[in-house]
Amino acid sequence: MRRLSLPAALVAVALLASGCTTIGDLLDRGEPQPSWSPQEPPAGMKGMDEFYGQRLAWEDCGGGQCARLEVPQSYAEPDGDTIEVAVLKVPARRGSQRIGSLVVNPGGPGGSGVDYAQAADFIVGSAVRQRFDIVGFDPRGVGRSAPIDCITDPELDAFLGQDPTPDDSAEQQEFAANAKGFADECGTNAGPLLGHVSTVDAAKDMDVLRAALGERKLHYLGKSYGTYLGATYAGLFPQLVGRFVLDGVVAPDLTSQEVNLGQAKGFETATRAWAQFCIDKGGCPLGGSVDEVMQGIRDFLKDVDEKPLPKTGDPAVTQLTEGWASTGIAAAMYDEGMWDGLVEALRDALRGDGAELMGLANSYADRNPGGGYSGNIMEVIYAVNCLDKPESDSVEEHAEAAESSRAEAPTWGPFLMWSSLTCGSWPVKTERSSEPPAKITAEGAPPIVVVGTTRDPATPYEWSVRLHDQLAKASLITYDGDGHTAYTRSNDCVDKPIDEFYVKGTVPRDGLRC
């Protein structure tokens, strides 16, 4: 799975809900802007004076104000080629006492910060919305920022629909060939930026953005993979950290296999919670106990692997395969508001109709019904992950890991343990992709707020505890609940202290449980 972000459908709902808001309502023309002056590059950013001296040229656009940030393609060669990063700002509300800019990232890797910032009214509390410009950017290689494009949309359909849990040597070799083929195509088609889309690169872009916004410190909200981006920034520039909230954590020192197994266990826990919901709802189509429902899911996926469903409701995907079915089920785990829909989707699928399950899979993959993708997250996710962490190309090692994972995650273990094999054949390497991942302490930074949800499927709660314990100064908020991330999607116990942290600088009590 390895996608660490909010489902596109949730952001889309927020944007649609805000559709009646006019540009005039969003743009703050009456407030004086803070004084702006070029900033000196921080330590480790030698030769970057020109980039740190740029000022963003804002223009009105749908949902806010848009600008382009120029950054070097390679930070090792700041005098070489450059790229442009797309930025969107939703200004602080008219008449409020503006504090500054709050940069936001929804996760991924590959999620659009531009789209996320457009949903400003829904992703931060009202007090934060009043006082901060909400600023999002598409990280390099993503969406509107020199996007990575590896394969055609029909080829991506086939890649995502392939058998994700090969059962024997022949299927394993086919899976490995597909993984290597995807990697090779990225090497051929993505261009020279492919070697420069790591999280470190994106974090450095974020500091150039901070300077271009005229901010002396970076205030930040990162969710899911956005926490990894934020922690990486804090490790590189601890003295420039402002008010940081990292919600649904990916601990930076996790290995690729630890990410896979952690997610597998997280999805197992979340699916068991859904199974109880299905039973409590009455007439659950998969069984009368949690264990029966979980076995029913596994049996269903095995049946679909052997005989895909012929009805998908999508002319571009004529069969619902195990790959698409698994993705659809996983998508619903991100938010309990989607649980009812999954019950009905599985009820239909057991009768041979996979259309609703295909719809859930489409929402996860940013895919349009009938073909075509709204974004490139399903390609960028490999481009970034494969640069960030080393991965083995051994089919035997992945097969062993998949088999051993069944003990802790029988439903999701094999699916997740095979998912990173593509990175073993990745055509470009970085220092990070060749060395074990390391802890980040952010020594010298002010307290960072870390948020964890106890039954989060994609970023298990233990990862939030792990980062909290590693950071030199941190405060942990625990949300005892379901779904992916907690801020603005759980309750006031979580939201109020985070809002006060942003607006007043009051650090939430460490160990707060909600």
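The values are calculated or read from the model by the stated rules, or taken from the named source; none is laboratory data. Keep in mind that what you see is a predicted model, and the values were worked out from it rather than measured. Neighbour counts run over all protein chains shown; Cβ positions are idealised from the backbone, glycine included. Ligands, DNA and RNA are excluded from the accessible area calculation, which covers all protein heavy atoms including side chains. Shrake-Rupley method; radii C 1.70, N 1.55, O 1.52, S 1.80 Å.
Rounded to the nearest percent, how much of the accessible area of the chain (1.4 Å probe, protein heavy atoms only) is carbon and sulfur?
Details: 9330 of 19100 Å².
Roughly 49 percent, rounded to a whole number.
Quick check: residue separation of Ala438 and Asn368 times 0.36 nm, minus the Cα distance between them. What number comes out in nm? Could you put the intermediate results ahead of the total?
On the way: separation 70, 0.36 × 70 = 25.20 nm, distance 3.80 nm.
The Ala438-Asn368 span can extend by a further 21.4 nm.
Taking the simple approach of a point 7 Å from Cα along Cα-to-Cβ for both Ser169 and Val465, what is their distance in nm?
Computed distance between label sites Ser169 and Val465 equals 4.3 nm.
Counting C-alpha atoms alone, how compact is the range 293-373: give Rg to one decimal and Dmax as a whole number, in angstrom.
11.5, 34
Points 7 angstrom from Cα along the Cβ direction at Lys46 and Asp253: gap in nanometres?
Going from the Lys46 label point to the Asp253 one covers 3.0 nm.
How large is log10 I(q)/I(0) at q = 0.08, 0.14 Å⁻¹ when the Debye formula is applied to the Cα atoms of the range 227-381, each weighted equally and without solvent?
Each listed q corresponds, in turn, to -0.30, -0.79.
Among all lysine pairs in the range 187-299 that are eight or more places apart or on different chains, how many have alpha carbons less than 29 angstrom apart? Each step should come with its number before you reach the end.
On the way: Lys204/Lys217; Lys204/Lys223; Lys223/Lys265; Lys265/Lys281.
For the range 187-299, the number of qualifying lysine pairs is 4.
Under the definition of Cα pairs under 8 Å and six or more residues apart, what whole-number percent is the relative contact order of the range 264-408? Each step should come with its number before you reach the end.
Details: 155 pairs, mean separation 27.6, N = 145.
Here the relative contact order equals 19 percent.
Return the ratio Rg/(2.2 N^0.38 Å) for the range 60-193, where Rg is computed over Cα atoms only.
Working: Rg = 19.8 Å, N = 134, 2.2 N^0.38 = 14.1 Å.
Its radius of gyration relative to the 2.2 N^0.38 Å reference: 1.40.
Per residue and in cubic angstrom, what volume does the convex hull of the Cα atoms of the range 345-420 have? Intermediate values should be presented prior to the final figure.
Values: hull volume 10.0 nm³, N = 76.
Per residue, the Cα convex hull of the range 345-420 comes to 131 Å³.
Kirkwood Rh, Cα Rg: Rg to Rh for the chain?
Numbers: Rg = 22.1 Å, Rh = 23.1 Å.
When Rh is taken as the Kirkwood radius, the ratio is 0.96.
Using per-residue counts of other Cβ atoms within 10 Å, averaged over each peptide, order 217-224, 158-165, 108-115 from highest down. Please list the in-between numbers first.
Details: 217-224: 26.0, 158-165: 18.9, 108-115: 28.2.
Order by mean packing, descending: 108-115, 217-224, 158-165.
In degrees from 0 to 90, rounded to the nearest 10, what is the angle of the helix 355-365 Cα long axis to the longest principal axis of the chain?
For 355-365 against the chain, the angle is about 40 degrees.
May I ask for log10 I(q)/I(0) of the range 185-315 at q = 0.09, 0.11, 0.22 Å⁻¹, from a Debye sum over the Cα atoms as equal point scatterers with solvent left out?
Log10 I(q)/I(0), no solvent term: -0.51, -0.70, -1.22.
Ignoring everything except DSSP H segments at least 4 long, calculate the 222 nm mean residue ellipticity for the chain; use -39,500 (n - 2.57) per segment, divide by total residues, nearest 500.
On the way: 22 runs with 227 residues, N = 514.
About -13000 deg cm²/dmol.
Skip the ligands, DNA and RNA, and give the accessible area per residue of the range 118-172 with a 1.4 Å probe, whole Å².
On a per-residue basis, 35 Å².
Among 318-327, 369-378, 88-97, 49-58, what's the highest-first ranking by average C-beta atoms within 10 angstrom per residue?
Details: 318-327: 22.9, 369-378: 17.2, 88-97: 19.1, 49-58: 15.3.
Order by mean packing, descending: 318-327, 88-97, 369-378, 49-58.
If you project the alpha carbons of the range 178-245 onto their three principal axes, what span does each projection cover, largest first, in Å?
Sorted largest first, the three principal extents are 44, 23, 16 Å.
Would you mind giving the average projected area, over all directions, of the Cα convex hull of the range 365-502 in nm² with one decimal? Before the final figure, lay out the partial values.
Numbers: hull surface 46.5 nm².
One quarter of the hull surface, i.e. the mean projection, equals 11.6 nm².
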